[in-house]
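A.B. asks: Sending over a structure as structure tokens; questions will come in a sec.
Read the figures in this text as sums done on the coordinates, not as results from a lab. In this text, all values refer to a predicted model and were calculated from it rather than measured experimentally. No Cβ is skipped: glycine too gets one built from the backbone with ideal geometry, and neighbour counts run over all protein chains shown.
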């Protein structure tokens, strides 16, 4: 036993002992990083010193660590892909990647990984690239502290900031993404954690995922993206303490949920969005302790949703609190705070004694006939809403909060 | 004519309704700005006030003013002054007083608290509403000799524009919901000065995003040069047509 341990230690010593450190300076031989990469052997560290390296187009096919000192600039001269990784155990740290080519056909990226596992991409800036980081068919990824900044064109010829396809166990932490089509895009990505990222001013979605199960989204900020956040066809999604701000426009959403099930939306903030959360075909989602403030619609729950629970949320100065398109509602609301609630609490248990009906008549009318939106804020509509509140007849009877909070829920 | 206008303005200011109106607007605007932390919401509140209060005050005030100065008008007409200049100076004097009230009561706080494009639009539509409602009220009072009937009709007109007309729009939109209704809706909106004012301002505000794709369509239209000319043209017609009928009728009328 002792012998084997010693052998392993000895082996490791040799293994790492042989890993070399290769230094590259911009003035020595420029543009030849690829030659060094080809010459380097497994596990070597290539240290690149500050400067501008032009016409870069690197391919990494073995396990290497690329470390930039003081952010050397790798410039693609608007022609090609900057770095392609096709190996396991690769670290990319401390670079500025800029000016990749653009293409409608190929997915040209600042950093592109294909069939690569255990990749660490850390402390880089990726500026003005078609796709920022594009990873497919890989697992165990760490993408941390990167700044990814694009120059958006039209939706169809702008790439995504962080694009993951068929990946597993990705950790995406504290990145700052802006000016791409989708800030973070996932397709078939599972068991991943997305935390403390900021995704702003992307022309389509701040975060977009499909068929990505069992992922955790924590403390991210999605601000002023063209259409907010859209998530579809996934289950076991956990979204906590994220902030969704100013996703404002004719078809903008804080979050658009389509065919999502068994998920948790806890402690998020939705401020100044056209629609806070849009539910379509969702089931068994728990929406708890969120704050909805100054949205056009706080939540829109279509009739295709069931068994969703809305509890302990705060609804404050939204134009419409809840909208729906059918008379049947299979979702439950309880213990929410509604600023439009006008009931009373005789037994002083903090809960209103009469139920609150969050759907108002006009939102039902608009849902049935979109043209009537032209009457928004007319005097007649105000009176109709008041009349319906007094004697409910058209709004769904069972869409109600039977125990509304009188004071703000502490979040 | 100038003396006539000045004399009428002096007469109007004497009865203090205008001062009360100014104070009311001032207090409402200030309260809305101090209660709402976000000036966009305050502007929406002010818009609601304008749409309800400005038309009713203008309609009732103009009718009463006309009936009260009826004897004075009769007296003036015995002098060598043309009928047209008498009725026009009446209209001009009433509007100078009302618009000054709006400018002082609402314009000043608006320009202090939110000196932006939206505030200018608000001021503009309140001026337009004043001009067209007073023209309509003058038309009513020239046609109807009985004071009570005249005031009743003014009230009814206000009720019609604010409630009944929107109800009719709602009915039409639901009856013909199978048809493309964007353009007919636009025409329907133009046929009511209050709706026209509301839509014109709303499309300038952030809240227009709530109006979805229909709103986007209207916004494209009203945001374009053609749209601005269209709404201005409609407002102008809402002033010129009632005023013109009034003048023609007043010229022929047996007093």
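A.B. asks: If R₀ is 41 angstrom, what is the calculated FRET efficiency for the pair residue A:155 and residue A:351, using the beta carbon separation as r and rounding to 0.05?
C.D. replies: Result of the calculation: an efficiency of 0.30.
A.B. asks: Same structure, new question: For peptide A:117-123, what's the mean number of Cβ atoms from other chains within 10 Å of each residue's Cβ?
C.D. replies: The per-residue average across the peptide is 0.
A.B. asks: In µm²/s, what is D for the range A:18-226 at 37 °C and 0.692 mPa s, where D = kT/(6 pi eta Rh) by Stokes-Einstein and Rh is the Kirkwood radius from Cα pairs?
C.D. replies: 196 µm²/s
A.B. asks: Further question: Within 10 Å of each residue's Cβ, count the other Cβ atoms and sort B:72, B:229 from fewest upward.
C.D. replies: B:229, B:72
A.B. asks: Give me the distance between the Cα centres of the range B:55-88 and the range A:279-352, rounded to whole Å.
C.D. replies: One Cα centre to the other: 57 Å.
A.B. asks: Then there's this: Based solely on C-alpha atoms, express the radius of gyration and the Dmax of the range A:35-80 in angstrom.
C.D. replies: 11.2, 31
A.B. asks: Follow-up question, since we're still on this one. Separation between the residue B:75 and residue A:21 pseudo-spin-labels, each 7 Å from Cα along Cα→Cβ, expressed in nm?
C.D. replies: Rounded to a tenth, the inter-label distance reads 10.6 nm.
A.B. asks: Can you give the extra length, in nm with one decimal, that the chain gains between residue B:112 and residue B:52 once fully stretched, where that is 0.36 nm per residue apart less the Cα-Cα distance?
C.D. replies: Computed gain between residue B:112 and residue B:52 is 19.3 nm.
A.B. asks: Right, something else. If the label point is 7 Å along Cα→Cβ of residue A:221, which residues in the range A:295-337 have backbone nitrogen under 19 Å from it?
C.D. replies: A:295
A.B. asks: In whole angstrom, note down how far apart the Cα centers of the range A:205-274 and the range B:110-182 are.
C.D. replies: Here the answer is 42 Å between Cα centres.
A.B. asks: Something else now. Based only on the alpha carbon positions, what is the Kirkwood hydrodynamic radius of the range A:198-341, in angstrom?
C.D. replies: So the Kirkwood estimate lands at 14.6 Å.
A.B. asks: Counting partner chain Cβ atoms within 10 Å of every residue's Cβ in A:364-371, what's the average?
C.D. replies: Counting other chains' Cβ atoms within 10 Å and averaging over A:364-371 gives 5.
A.B. asks: In which sequence would A:348, B:249, A:180 go, from the one with the fewest C-beta neighbours within 10 Å to the one with the most?
C.D. replies: By the 10 Å Cβ count, ascending, the order reads A:348, B:249, A:180.
A.B. asks: A further question on this structure: Could you rank the peptides A:393-405, A:251-263 by their average count of other C-beta atoms within 10 Å per residue, with the highest value first?
C.D. replies: A:251-263, A:393-405
A.B. asks: Shifting gears a bit: Using only Cα atoms, tell me the angle between helix B:39-68 and the longest principal axis of chain B; keep it within 0 to 90° and round to the nearest 10.
C.D. replies: Around 20 degrees separate the two axes.
A.B. asks: What whole-number volume per residue, in cubic angstrom, does the convex hull of the C-alpha atoms of the range B:76-200 give?
C.D. replies: In the range B:76-200, the Cα hull volume divided by residue count equals 152 Å³.
A.B. asks: Return, ordered by residue number, the residues of the range A:260-279 whose backbone nitrogen is under 17 Å from a label point located 7 Å along Cα→Cβ of residue A:235.
C.D. replies: A:260-265
A.B. asks: Moving to a separate point now. Roughly how many nanometres apart are two label points built 7 Å out from the Cα toward the Cβ at residue A:406 and residue A:77?
C.D. replies: Placing both labels 7 Å beyond Cα along the Cβ direction yields 7.4 nm.
A.B. asks: How much length would be gained if the chain were fully extended between residue A:38 and residue A:120, taking 0.36 nm per residue of separation minus their Cα-Cα distance, in nm to one decimal?
C.D. replies: That pair, residue A:38 and residue A:120, stretches by 27.5 nm at full extension.
A.B. asks: Can you give me the convex hull volume of the Cα atoms of the range B:131-232, divided per residue and expressed in Å³?
C.D. replies: Each residue corresponds to 116 Å³ of Cα convex hull volume.
A.B. asks: Calculate log10 I(q)/I(0) of the range A:361-411 for q = 0.12, 0.15, 0.21 Å⁻¹, where I(q) comes from the Debye formula with a single equal point scatterer on each Cα and nothing for solvent.
C.D. replies: The Cα Debye sum returns log10 ratios of -0.38, -0.55, -0.85.
A.B. asks: Please express the shape of chain A as an equivalent ellipsoid: the semi-axes are the square roots of 5 times the eigenvalues of the C-alpha gyration tensor, given largest first in whole angstrom.
C.D. replies: Over the Cα atoms of chain A, the semi-axes work out to 51, 23, 16 Å.
A.B. asks: A further question follows. I'd like the FRET efficiency for residue A:142 and residue B:96, computed as 1/(1 + (r/R0)^6) with the beta carbon distance as r and R0 of 51 Å, rounded to 0.05.
C.D. replies: According to the calculation, E is roughly 0.10.
A.B. asks: Semi-axes of the range A:277-411's equivalent ellipsoid from the Cα gyration tensor, sqrt of 5 times each eigenvalue, largest first, rounded to whole Å?
C.D. replies: Taking √(5λ) for each Cα gyration eigenvalue gives 22, 18, 14 Å.
A.B. asks: Related question: Using Cα springs under 10 Å in a Gaussian network model of chain A, which residue among A:271, A:361, A:376 shows the largest mean-square fluctuation?
C.D. replies: Residue with maximal mean-square fluctuation among A:271, A:361, A:376: A:376.
A.B. asks: Once you put a point 7 Å from the Cα of residue B:191 and another 7 Å from the Cα of residue B:85, both along the Cβ direction, what distance in nm separates them?
C.D. replies: 4.0 nm
A.B. asks: Using helices alone, what [θ] at 222 nm do you get for chain B, with -39,500 (n - 2.57) per DSSP H run of 4 or more residues, divided over all residues and rounded to the nearest 500?
C.D. replies: -26500 deg cm²/dmol
A.B. asks: Given the options A:52, A:365, A:277, state which has the largest fluctuation in a GNM of chain A using a 10 Å cut-off (strictly under) for Cα springs.
C.D. replies: Fluctuation is largest for A:365.
A.B. asks: Between the helical axis of B:147-159 and the dominant principal axis of chain B, each derived from Cα atoms, what acute angle in degrees is found, rounded to the nearest 10?
C.D. replies: 10 degrees
A.B. asks: What is the calculated FRET efficiency for residue A:342 to residue A:105, with r their C-beta to C-beta distance and R₀ = 56 Å, to the nearest 0.05?
C.D. replies: The formula returns an efficiency of 0.40 here.
A.B. asks: Over the Cα atoms of the range B:2-252, what Rg and Dmax result, in angstrom?
C.D. replies: Cα radius of gyration and Dmax of the range B:2-252 are 19.2, 61 Å respectively.
A.B. asks: Right, here's the next one. Residues of the range A:232-272 with the amide nitrogen closer than 20 Å to a label point 7 Å from the Cα of residue A:284, along Cα-to-Cβ, please.
C.D. replies: Inside the label zone: A:232-240, A:257-266.
A.B. asks: Sticking with this one: Would you mind ranking A:377, B:198 so that the residue whose beta carbon has the fewest other beta carbons within 10 Å leads the list?
C.D. replies: A:377, B:198
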